[in-house]
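Below: the structure, in structure tokens.
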Amino acid sequence: RWAERWVRFILRLRGWRILGSNVRTPYCEIDLLAVEGKTLVLVEVKFRRQRPQSRPLSHPQTDRLRRGALWLNARRSGHDGVRIDLVEVYPADRWPIWRIEHLRAAVLDGPDLF
């Protein structure tokens, strides 16, 4: 998927270390697994044909991502914490330019998470 490769390239330019793509956990599949500083980051990449008008992630998706984050955090040491980011790729006003929006901490943790 070209959008995922493009996002991976941009994150590397920002100094992130990419650990893997399409990483499977017992709870979900993570589009990109990366490290920013000392934080483990799960990156959900959404490709849209038009600018999104509604909630980007459903409640079941956020629950699966939270469980996957907890599972990964328990198995990977040396990180200060874990965060779930959302990156949306959609057409800009002028075609063929694409817009990329990076929402940090798109899935907020519950009271007993992280």
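The values are calculated or read from the model by the stated rules, or taken from the named source; none is laboratory data. Since we're looking at a predicted model, the values are computed, not measured. Here the Cβ positions follow ideal geometry from the backbone for every residue, glycine too, while neighbour counts run over all protein chains shown. Heavy atoms of the whole protein, side chains included, go into the accessibility calculation; ligands, DNA and RNA do not. Shrake-Rupley method; radii C 1.70, N 1.55, O 1.52, S 1.80 Å.
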Subset of the stretch 1-35 that is among the acidic types (Asp, Glu) and touching an Asp or Glu at 6+ places or on another chain (Cβ under 9 Å) - its residue that is farthest from VAL89 (Cα to Cα): ASP31
Against the definition (open to solvent by 40 Å² or more (accessible area, probe 1.4 Å), outside any strand (DSSP E or B), at negative phi and among the aliphatic types (A, V, I, L, M)), how does ALA74 come out, yes or no? yes
Among the numbered criteria (1) open to solvent by 70 Å² or more (accessible area, probe 1.4 Å); (2) over 14 Å from the mean Cα position of the chain (by Cα); (3) of a type outside the set (Ser, Thr, Tyr), which single criterion is violated by ARG104? (2)
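Here is a yes/no grid of residues against (1) at pLDDT below 90; (2) in contact with a His (Cβ under 8 Å, 6 or more places away or on another chain); (3) not charged (D, E, K, R):
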site	(1), (2), (3)
PRO26	no, no, yes
GLN53	yes, no, yes
LEU57	yes, no, yes
ASP112	yes, no, no
Residue, farthest from VAL43 (Cα to Cα), within the stretch 77-90, restricted to residues that are open to solvent by less than 30 Å² (accessible area, probe 1.4 Å) and not hydrophobic (A, V, I, L, M, F, W, C): TYR90
Scan the stretch 77-94 residue by residue and report those that are in a loop (DSSP other than H, G, I, E, B) and over 23 Å from GLU4 (Cα atoms). SER77, GLY78, HIS79, ASP80
Among (1) open to solvent by less than 70 Å² (accessible area, probe 1.4 Å); (2) modelled with pLDDT of 90 or more; (3) part of a loop (DSSP other than H, G, I, E, B), where does LEU32 come up short? (3)
Could you please tell me which pairs satisfy a Cβ distance under 9 Å, a separation of 6+ or placement on different chains, a first residue in the stretch 71-96 that is within 16 Å of ARG24 (Cα to Cα), and a second residue that is among the basic types (Lys, Arg) and surrounded by 14 or more Cβ atoms within 10 Å (Cβ to Cβ)? ILE84/ARG66
Does ARG17 qualify as being crowded, with 16+ Cβ neighbours inside 10 Å and at negative phi? no
